[in-house]
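Following this message is one structure expressed as structure tokens.
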């Protein structure tokens, strides 16, 4: 498990290290806070495009000060971003960012929703975004989520009236929310949804504006504010001991893979929302003004409100179990409500409170983290009442078992009871994996066959324990997910989800295999066992033109968790070709075609992701000069692995080790993406790096973001070079070669415009827009309707060597096996090496 230990606040704000699935332990102050929320019947939905777009200050304020049930709808899972803490990209990054959003909601008290939209990368205009996303489907998702959640108030993070001024995803999220506001109450809109949910009409729609959207603080001060509401979100919560902006900072800091860790703030802080549609509140200080948020909102609810108001008014912080009789009476009344929507929500809330005031500890823990369909796992159940309440344990049942236990035990104060179940996992049980990745989607949309899952942040757990408890003749059923509990010497007690996986999975360690010539290569398939004593065959699947030494080979693994590597010899065709290879595991007549990817960080629950087990194989005619490459890692990429694929000896260079002459052994030095942004040591080592170039070395600097380094450091290049936010997002945009006679496009590989076919996600980003005459621009490219950008690839001789700056997205193209990208990068590494003698291999 990677070491990202994060101290945060839990859902009810007690300071602790968040290890997912651990049972919540609420203090009296937290119980009181929950009762206040139980006594408020109002909802707010915040809408934006990506994880980390949400305004945690406002979400926390609505949830914890107003006491509204507040949710965030992120249209995407952030799949197109970068990852500052690990190797996960694309759909795996989406899984990680999903969990970081859930971690943030555990802090600020919100709920989380998603649509099926895929974050395909930066988009300059909503027209492009909505075409790639499939507007009607994403709009339908927004409508379905609003109809399901039933918010009274909707707040957009972005302005629907500003297409083309910001990220196309941002504006699109606001445009879809604005349109959905009028559709959710129309039975003719998406009528197929109405078989399971009802139409709904929110009361009002807002835009979460600020001075930034006006261009300056001065312009904002002069602006007409007649349609603006203002909230001070810096309020202090005495019972919790923290202010709202502290909670918001802790919530934002859960977005670690985006580098959002931040210092907490305190004090008065204003948030503004602009009225867009619906019923404008008379009281501009109350977003719910005119909306009934009391229990009288639902038929039969007034009596419930009377009871809960009395509990809230007379709450006993020293003995919260004193209020159990009143809470049980309220539970009975809630159970009899005809309004199923509010009944379901409030039963969940009050049952959590009843469990807290009685100190009930209910847990079902499997004796292993993983089980397989058709196999058994032992479930250990702990039950403990830590109050003087008269409680009888009547029944324990495990989903999937036909029969449960009927202990009929009176739960005496602080006396623990243990039970065991032998759970046979049904053969038809679905494997544990993110539901939106079960089937192959498109560039802009995930495919979800089960429409009831749309909106859910993660796949519902397959197994739960149900506890039927009798409180002096009144029964309540509590449900708990089956988890896996274990301990580590360096961390203590830990929890992770209980997962159902295949008996074995297979993977290729290299997702792209480059054949730079016609010679065969050894291809390793690693088979991992997820149970003891598993054996079968692995079939190697490949395309026409490729040949393999033996298509089927056996495997046998004795211990669960162990792996076996099976080698196949694959020979490429004579000509250039791109294809895919995949394994089929065959065990007792069953076929498995999945690989398992485990995402494990301390700030989120461990995730098991099953993806198609495949790799891309590329037969490529490529020439290269030079041998030894020094790579300075930046924000994280897989370029070094890609360079090794075409025969380079790549050594990771520790920036702290760089000194005069230490880089001379390398034919070229490559700085990873955002290196100068995230590796502070480079500002102190830059003089040695530039001396290396001056003495005859080649330096390739990949993209950085402007100004995100120490203000005193501004010489990332030996000559004037100004970075901008220029980018070309259309991966199919036309590329023109400006310097047709330059070595970068002629030696040792001839680069033609066809070499820019098949690029993925984008051309590049954060191009320089100003540079000295020492640089030669090599390429020109542009997005539709824009002027040509010439800063994607710049080269300048410096002393005896060459300095190259590139914003081209090699970090995406090389791991995707884009042939032209490999040829161009080989030319960059080979520049000036026509007559250079080969250096001996360098050891890392």
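Quick one: would you say residue 478 is touching a helix residue (DSSP H, G or I) at 6+ places or on another chain (Cβ under 7 Å) and more than 30 Å from residue 49 (Cα to Cα)?
Against the criterion (touching a helix residue (DSSP H, G or I) at 6+ places or on another chain (Cβ under 7 Å) and more than 30 Å from residue 49 (Cα to Cα)), residue 478 qualifies.
Continuing with the same structure: Tell me, yes or no, whether segment 607-617 has at least one residue that is crowded, with 19+ Cβ neighbours inside 10 Å, within 30 Å of residue 679 (Cα to Cα) and touching a residue at least 24 places away in the same chain (Cβ under 8 Å).
Yes: one or more hits.
Tell me, yes or no, whether segment 462-474 has at least one residue that is touching a helix residue (DSSP H, G or I) at 6+ places or on another chain (Cβ under 7 Å), assigned to a strand (DSSP E or B) and farther than 30 Å from residue 74 by Cβ.
Scanning segment 462-474, I find at least one residue that is touching a helix residue (DSSP H, G or I) at 6+ places or on another chain (Cβ under 7 Å), assigned to a strand (DSSP E or B) and farther than 30 Å from residue 74 by Cβ, so the answer is yes.
Is it true that some residue in segment 94-104 is touching a helix residue (DSSP H, G or I) at 6+ places or on another chain (Cβ under 6 Å), in the same structural domain as residue 242 (by TED's automatic domain parsing), within 23 Å of residue 812 (Cβ to Cβ) and assigned to a helix (DSSP H, G or I)?
Checking segment 94-104: at least one residue is touching a helix residue (DSSP H, G or I) at 6+ places or on another chain (Cβ under 6 Å), in the same structural domain as residue 242 (by TED's automatic domain parsing), within 23 Å of residue 812 (Cβ to Cβ) and assigned to a helix (DSSP H, G or I).
Continuing with this model, one more query. Just checking: which of the strands (runs of 3 or more DSSP E) contained wholly in segment 568-616 hold 3 or more residues that are in contact with a helix residue (DSSP H, G or I) (Cβ under 9 Å, 6 or more places away or on another chain)?
Strands (runs of 3 or more DSSP E) meeting the threshold: 607-612.
Of the conditions (1) under 30 Å from residue 563 (Cβ atoms); (2) modelled with pLDDT under 95, residue 614 fails just one. Which one is it?
(2)
A further question on this structure: Could you tell me whether segment 203-223 includes any residue that is crowded, with 18+ Cβ neighbours inside 10 Å, more than 29 Å from the chain's Cα centre (by Cα), modelled with pLDDT of 95 or more and over 28 Å from residue 444 (Cα atoms)?
Checking segment 203-223: at least one residue is crowded, with 18+ Cβ neighbours inside 10 Å, more than 29 Å from the chain's Cα centre (by Cα), modelled with pLDDT of 95 or more and over 28 Å from residue 444 (Cα atoms).
Also, quick follow-up: I'd like to know if segment 77-92 contains one or more residues that are farther than 29 Å from residue 812 by Cα and crowded, with 24+ Cβ neighbours inside 10 Å.
No - not one qualifying residue is present in segment 77-92.
Condition check: in a strand (DSSP E or B) and in contact (Cβ under 8 Å) with a residue 40 or more places away in the chain. Does residue 46 satisfy that?
Yes.
For residue 236, state whether it is closer than 25 Å to residue 202 by Cβ and touching a strand residue (DSSP E or B) at 6+ places or on another chain (Cβ under 7 Å).
So residue 236 does not fit the description; no.
Of 74, 63, which residue is farther than 30 Å from residue 678 by Cβ and touching a residue at least 12 places away in the same chain (Cβ under 8 Å)?
63
Sticking with this one: Residues to consider are 104, 174; find the one that is closer than 30 Å to residue 600 by Cβ and crowded, with 24+ Cβ neighbours inside 10 Å.
One residue alone meets the criteria, 104.
Also: Mind counting the residues in segment 404-437 that are part of a loop (DSSP other than H, G, I, E, B) and closer than 25 Å to residue 355 by Cα?
Qualifying residue count, segment 404-437: 9.
So which of 184, 199 ends up being buried (at least 20 other Cβ atoms within 10 Å of the Cβ), modelled with pLDDT of 95 or more and closer than 22 Å to residue 341 by Cα?
None of the other options fit; the residue is 184.
Hey, another quick one. Run down 334, 425, 350 and say which single residue is surrounded by 17 or more Cβ atoms within 10 Å (Cβ to Cβ) and within 19 Å of residue 483 (Cα to Cα).
425
Taking helices (runs of 4 or more DSSP H) that fall entirely within segment 199-296, which contain at least 3 residues that are assigned by TED's automatic domain parsing to the domain that holds residue 105 and under 30 Å from residue 635 (Cα atoms)?
In segment 199-296, 244-252 are the helices (runs of 4 or more DSSP H) which contain 3 or more residues that are assigned by TED's automatic domain parsing to the domain that holds residue 105 and under 30 Å from residue 635 (Cα atoms).
Continuing with this model, one more query. Quick check: anything in segment 622-631 within 30 Å of residue 500 (Cβ to Cβ), assigned to a loop (DSSP other than H, G, I, E, B) and either outside the structural domain of residue 22 (by TED's automatic domain parsing) or at pLDDT below 95 (or both)?
no
The values are calculated or read from the model by the stated rules, or taken from the named source; none is laboratory data. Just so it is clear, the model here is predicted, and its values are computed rather than measured. Neighbour counts are summed over all protein chains in view; Cβ atoms, including those assigned to glycine, are modelled from backbone coordinates with ideal geometry.
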